[in-house]
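Written out below as structure tokens is the structure these notes cover.
The values are calculated or read from the model by the stated rules, or taken from the named source; none is laboratory data. Bear in mind that the values here come from a model prediction, so they are computed numbers and not experimental data. Cβ placement follows ideal geometry from the backbone for every residue including glycine, while neighbour counts extend to all protein chains displayed. Heads up: the accessible areas ignore ligands, DNA and RNA and are worked out on the full protein's heavy atoms, side chains in. Shrake-Rupley method; radii C 1.70, N 1.55, O 1.52, S 1.80 Å.
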Amino acid sequence: MKLSYATHKPFNIEPGKITVIATDSSVVYSDLILSLKGQKDLLRFLNDEMELVEVNKSIDWLGDLMIQQDISKRYLPIVLKKLFAAMPDVQRNKIHEATVRLDNVIQESLYLTDLPMKITYDFDLKKVLKFTDTHLDSKTLTDAYDIIKTIIQIHEMCELKSCLAVNNVAHYLTAGQIEELAEFLQDVIQPIILIEFTDMSQANFYSNCNFYYIDKDFVDWY
């Protein structure tokens with residue numbers, strides 16, 4: 001897969017690799033961020049057959065990990081859909097049986113009101129999980145590395161074809177964590193794009209990554 005920006009040479013996006021697109025140009029950085037957010041049209045994404053694909057369908061843009069939107073709200077519907085499809089019948093039956101027992105207890109309590117109130121259980125697992133407030137635990141997802149790893153695991157579990165893209169990772173991850181992330185991606189064969197505002201001297205920070213750089217004069221250093 002390839003991602004191209006305006007008049008610059010394309011960036012090669014490889015499964016199992018970190019692709020770093022770095023710059024010290026505020027213009028380039030803004031162009032990249034706004035294009036990934038869908039507010040500019042300066043990026044083109046090509047699949048392996050060199051066919052043009054919409055960027056918003058090819059890129060899972062999360063942005064800055066510490067100010068991102070609610071991850072649970074964003075990814076939970078996808079996770080639950082996959083979970084429902086793959087759940088064994090034995091497990092489904094256990095949930096149904098437990099829900100029926102709970103409904104019976106609640107119904108007994110309703111009889112005490114002396115009003116014509118009745119509980120109806122329609123065997124909808126989605127409603128059951130909503131009732132239990134099933135969610136990703138944000139209290140355990142306070143570290144940037146853990147957030148990335150969790151989302152990549154969701155991509156793998158749900159067989160998502162889009163490529164996760166984030167920015168400002170260098171603010172939150174150590175060089176060692178970048179290396180660990182690179183090794184993890186190789187195991188799950190998932191790609192990720194990091195958009196960074198930095199200078200060329202920081203290239204060594206991104207070991208085991210495909211590093212692309214555009215300087216203030218809009219010159220490519222690939």
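Per-structure values
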{"quantity": "Distance from segment 9-40 to segment 88-146 (C-alpha centre basis), Å", "calculated": "43 Å"}
{"quantity": "Sites E49 and T140 - FRET efficiency at Förster radius 45 Å, r taken between beta-carbons, to 0.05", "calculated": "0.70"}
{"quantity": "Neighbour net charge for Y121 - beta-carbon separation under 14 angstrom, K R +1, D E -1", "calculated": "+2"}
{"quantity": "With every protein chain in place, segment 86-164: carbon and sulfur % of accessible area (1.4 Å)", "calculated": "56 percent"}
{"quantity": "C158-K57 pseudo-label distance in nm [points 7 Å out on the Cα-to-Cβ vector]", "calculated": "1.8 nm"}
{"quantity": "Degrees, to the nearest 10: 89-111 long Cα axis against longest axis of the chain", "calculated": "50 degrees"}
{"quantity": "Against the rule of thumb 2.2 N^0.38 Å, how large the Cα Rg of segment 118-222 comes out", "calculated": "1.49"}
{"quantity": "Accessible area per residue in Å² at 1.4 Å probe, computed on the chain", "calculated": "58 Å²"}
{"quantity": "All Cα pairs of segment 166-222, percent lying beyond 19 Å", "calculated": "29 percent"}
{"quantity": "Debye log10 I(q)/I(0) at q = 0.10, 0.16 Å⁻¹ for segment 1-138, Cα point scatterers", "calculated": "-0.60, -0.96"}
{"quantity": "Long-range HN-HN contacts of W61 with modeled amide H, under 5 Å", "calculated": "A165"}
{"quantity": "Local electrostatic count, V28, Cβ distance below 12 Å [Lys/Arg +1, Asp/Glu -1]", "calculated": "-4"}
{"quantity": "Relative contact order %, segment 69-222, counting alpha carbon pairs below 8 Å whose residues are six or more apart", "calculated": "20 percent"}
{"quantity": "Computed [θ] at 222 nm, helices only, for the chain once each DSSP H run of length n ≥ 4 contributes -39500 (n - 2.57)", "calculated": "-12500 deg cm²/dmol"}
{"quantity": "Table column - 3J(HN,Hα) (Hz), segment 168-181, Karplus curve with 6.51, -1.76, 1.60, x for Gly and Pro", "calculated": "6, 4, 4, 6, 10, 10, 8, 4, x, 5, 4, 5, 4, 5"}
{"quantity": "Flagged links, alpha-carbon separation over 29 Å, of K17/K73; K17/K94; K57/K126; K94/K161; K94/K149", "calculated": "K17/K94; K94/K161; K94/K149"}
